[in-house]
């Protein structure tokens, strides 16, 4: 194994082939590429600054090309020439028996150790005979230093200083405890003294956006002329935008929401199901549905898995959930609508009253909130640095208000609205504020919606035909879930579908599902991106969708 | 609460309204409906039998209508009239403080207790003054008895005997230990002596298929003239087919596969991601892709989340997985192709060699196999009753063969094929058998596929240009995963795309993802339905897809 290790080390030193490769990249994509990319950057504010940076970058690239050429010619004089360079692309040439330490593990306990780290060049700053680098790995970073001395030559320091930001490097370094806390890094008590540095993947010299601009709190850039990045630029360059501490935190938390949702339900005895997304008929009347060409016929994309969840209940699965994409062909260009989003769906049979369903769902939400609070505090605080917000509040048991109570509260606040009128978005938000003032909670259920504003399969209230056994749930005054007791009787379902002028032929297989014995049941669908947005107090659902889709955006 | 309970009990007794409702159902949908439904039943073998059954059912329905009418007229003479009937539809009228016991909890420890159970009428058999019912709840069932006596009248026994199979009932009953084991039920040591019985949801008198026919082992029906049900009939009536013990077991196991997959990866530090299914360009050359109309333009359904997984790796998520639908517009009508299936996708950065990726994936598979073996033995055995198969075998560590070794084994067995030729389906299966004979495993990896048969983004083998750093994984001789080290260098990726004649403009944003530093990485995509099918030794992927989609099937 040692023998193998040595062989590999030899292969890793810089060769003429590799040096030529850097130069080529620089000449071909570097200087020319920069000016073109500045023209594409849509952020007006930062344009001047970016132009200036571009010129700087161009100069730097020129310099680097020159330096690399210099290095090539002086290779023979360089005592450290085997200690840096650009090795061949990792193509799985060898199995190298070398452990890599994670940046977050770099603590004073490791002081004095010689270790290998793979990380990105976050920033670099040359200063006489030394070069300071910040090495980044996800949300963690550490200061590193290459200084002319026994282990590093002048040429090696220059090489390090000229590596483009965002490039990935392997460094061998000694961990040193520092006297003064390094405020700007996540690893504040140590720095790395680099003894070897090799470029694993070279970034282009000019980035389409700067990570530090992406995490600057809104408004802060305005005051001192520093740039912030607008949302379209971020989304157009999502691969870089997702590297920021804020994005890393948001999507780790999102992964946590899914896990908490499923674990809670699995513990409650729910079964996970997979429902088809391509369906033969537009189930809920046909509006807002995407059409797919399907061999010689047409099909549609499912607007929700609800009908399939219900079939599973009729098929005795008792309690089911599913996590998957849902599609809405709505031309809504708002902060909270997407054409494709992730639905966290629940459906369950109940015994006597649909409040059993509400309790099951609200308890699941509460478990998610607690899990996030207890296990994702770092992520919540990281996001809070860029987007400050009040901590999310919830009650146990969850507050449940009837629709009529909500309407009464709104009327008391001066809103004019009818009993059977649906809540407008501004009224939803206002009610959220009123509820927060009165009950001090960011999460509540509004129960017993007017029958007229709900889908045909909603169970009418047995005591008052104006209302229904249906509910919405809200976080920070915005709807995150819509649900109801469903009609489980084919005859009543047929009547209600006819009342809604729905073509019975198109929903035949749905209605037929209830002909062979169906338990009373209910459920709801939660929008994952909305839950994450509202929990974190963000203001646009595109921030919590990795690759958002809206009427105007289909890329990346 | 007691007061509430009493009120409810009063409401639950049979009323004239409800009796009329049964009669209506019988006259309107029963007798007439039967003949029509027989015509639709596509199973030729069972047609005669079904006709006969239909006649029987028609007679039974007539009888039931008469009986119900009789009951109405004799209500006043019936001392037990409050103990049975059809209460109003459960519309959440009341919160009833009544616990329901699960059928699987009915054990001798409960002997002597008076309990409530909600279950389906699985079978019913009247015999003089008593009626034997089998009550079913998912994969569990129990024998129950209504007998004329202190608690039940003649009318009540008749009522019970006439409830249609598959109806859902609430029964109050005393749990009795039995002397002789009841072989035909899952609860073999107890039976229920029914004191009250109410119909919660009435099934239509004629079922489109019989559950006992659905679980009959293939071939067994042929011998003694009993029916088995063909696959299309099952799928057309999936809501009933899914109620069988076999289906319940298959989909509970499938839910388990997803959970084991995610839990294993989460423990390994993977992050779950959500990738878009609507995409702007057909990524892998444009073949086999479904087109979606997207407002004023066109879009496509993603054939895999691979490009997005890779972007996440370039965005520093390091190790990611996702579970979601993938779409293939292939006109393949085989036992193992679906146009929509569930992909379990993995992608991770590695340090030096893509075998790190293979090990991560094979270990995940092994954890799944172990989890199924240890936690889903009941489900495996239940499926095995209908579809017998050898227990699934695997090795630790997983067997990895090189493609050239596989070709050599095939040649030794008489197959003629070239070094760079792809494996045909029959050859795949043959190789599976050869591997099983030689190594006694149903799971193995075939590594280093010829470059020519893999997608453009596959990393070439650094030592032999004919091969690539790519692999497939097989279960019982059929492919369940395809994966590779991906090219992480924009320049090489461009060259390979051009070699494959791919329009560079269409994959620009994909290639650009690798321009700003990208770690070496690899991954693969697993087909959930295939894993379940092959683990259980089934022979059609439609058995492990709840609502399968193929070129000819879009419903239910």
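Would you work out the relative contact order for segment B:319-460, in percent, from Cα pairs under 8 angstrom that are 6 or more residues apart?
Normalised by residue count, the contact order of segment B:319-460 is 20 percent.
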What spacing in nm lies between the two simple spin-label points modelled at residue A:293 and residue B:390, each 7 Å away from Cα in the Cβ direction?
4.7
State, to one decimal in nm and shortest first, how far the label point of residue A:439 sits from each corresponding label point in the other identical copies (label point: 7 angstrom along Cα-to-Cβ).
5.9
Pairwise FRET efficiency - residue B:79 versus residue A:501, Cβ, R0 = 51 Å, nearest 0.05:
0.55
antiparallel share of DSSP beta bridges within segment A:257-333, to nearest 5, in %, is 75
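Kindly identify segment B:143-224 as rounded, prolate or oblate by the Cα gyration tensor criterion: order the square roots of the eigenvalues as a ≥ b ≥ c, call it rounded if a/c is under 1.5, otherwise compare a/b with b/c, prolate if a/b is larger, else oblate.
oblate
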First check a/c for segment A:155-293, with a ≥ b ≥ c the square roots of the eigenvalues of its C-alpha gyration tensor; if it is under 1.5, answer rounded, and if not, answer prolate when a/b is larger than b/c or oblate otherwise.
prolate
Between residue A:555 and residue A:363, 0.36 nm times their residue separation minus their Cα-Cα distance comes to what?
65.4 nm
What's the FRET efficiency of residue A:174 with residue B:464 using the Cβ-Cβ distance as r and R₀ = 30 Å, to the nearest 0.05?
0.15
How far is it, in nm, from the label point at residue B:492 to the one at residue A:408 when both lie 7 Å from their Cα along the line to the Cβ?
7.0
Expressed as a whole-number percentage, the relative contact order of segment B:247-543 with C-alpha contacts under 8 angstrom and at least six residues apart is 22
Between the alpha-carbon centers of segment A:195-269 and segment B:121-183, tell me the distance in whole angstrom.
62
Label distances, nm, residue B:452 versus same residue in remaining copies, Cβ-directed 7 Å point:
7.1
What FRET efficiency comes out for the pair residue A:370/residue A:107, r = Cβ-Cβ distance, R0 = 45 Å, nearest 0.05?
0.95
Would you order A:473, A:498, A:533 from fewest to most other beta-carbon atoms within 10 Å of each residue's own beta-carbon?
A:498, A:473, A:533
Using only Cα atoms, locate the centre of segment B:399-441 and the centre of segment A:497-556, then give the distance between them in Å, rounded to an integer.
46
Counting other beta carbons within 10 Å of each Cβ, put A:177, A:465 in order, fewest first.
A:465, A:177
Would segment A:456-498 count as rounded, prolate or oblate if I go by the C-alpha gyration tensor, calling it rounded below 1.5 in a/c and otherwise prolate when a/b exceeds b/c, oblate otherwise?
prolate
Residues B:449, A:308, sorted so that the one with the fewest Cβ neighbours within 10 Å comes first
B:449, A:308
From Cα pairs below 8 angstrom and at least 6 apart in sequence, can you work out the relative contact order of segment B:99-201, rounded to a whole percent?
32
Using a label point 7 angstrom from Cα along Cα-to-C-beta, what distances in nm, from shortest up, separate residue B:114 from the other copies?
8.4
For segment B:347-411, what is the convex hull (Cα atoms) projected area averaged across all directions, in square nanometres?
6.8
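Just so you know, all these numbers are worked out from the coordinates, no wet-lab data involved. In this text the structure is predicted, and so the values were computed from the model without any measurement. As a convention, Cβ positions derive from the backbone with ideal geometry for all residues, glycine included, and neighbour counts pool all protein chains shown.
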